[in-house]
Amino acid sequence: MILAGMMTASGSSGSSHRDGPDSLGESSMRLVAEALSWRSVPYLLGGHGKDGADCSGFVSEALLRAEVGGSIPRSSAAFAQWGQKAAGGARPGDILVFGDGKTASHVGIALSVDRFIHAASEGPRTGVIISDLDESTWRPRLMAVRRPGKGKGKP
């Protein structure tokens, strides 16, 4: 349902246009679709497969499988410097980096401006889940929004 709404808002999923400020590109659509296919995968520290994944393992493997390309990080800290800094807030397919303001400790993939998918290790729900940025834990810890594209770690 989330993917269908994004396709309607951005036009056809088969479009060959490049990402622009008001469009959702093909690579972002592939990444979101891949990320959603990981729902309910259990949390596993150090894991990066559908048998179990931690947060950075999930994000890096989803990027790889969606063929978003480039050199893909494997740690939350590396994701904080990867790609481009996203101006104007998150959009679907952006990488959300969470931490204490100095040290990144968690990553996820934006599904919309206020929802994201990630591998949670603690709390009432664990594993790959969808969360709302307005839950008390997330928005205060959001350190960076990184957009796959030219920048560190990208061709």
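Bear in mind that the values in this text are calculations on the coordinates, not laboratory data. Remember, it's a predicted structure, so these values are computed and weren't measured experimentally. Note that each Cβ is placed from the backbone with ideal geometry, even for glycine, and that neighbours are counted across all protein chains shown.
Things to note:
- Highest-first packing order for the peptide set 93-106, 117-130, 38-51, 55-68 is 55-68, 93-106, 117-130, 38-51, based on the mean count of other beta carbon atoms within 10 Å.
- Relative pair counts by distance (%), Cα atoms of region 25-150, 5 Å bins: 2, 13, 24, 28, 22, 9, 2, 0
- Length added when fully stretched, residue 136-residue 71, from 0.36 nm per residue minus Cα-Cα: 20.1 nm
- DSSP beta bridges confined to region 26-125 are antiparallel in about 90 percent of cases.
- Exposure proxy order (Cβ contacts within 10 Å, fewest to most) of 74, 147: 74, 147
- Spatially, region 94-122 and region 56-86 are offset by 12 Å when compared through their Cα centroids.
- The Cβ shell under 9 Å around residue 133 holds other residues with a net charge of -2, Lys and Arg each +1, Asp and Glu each -1.
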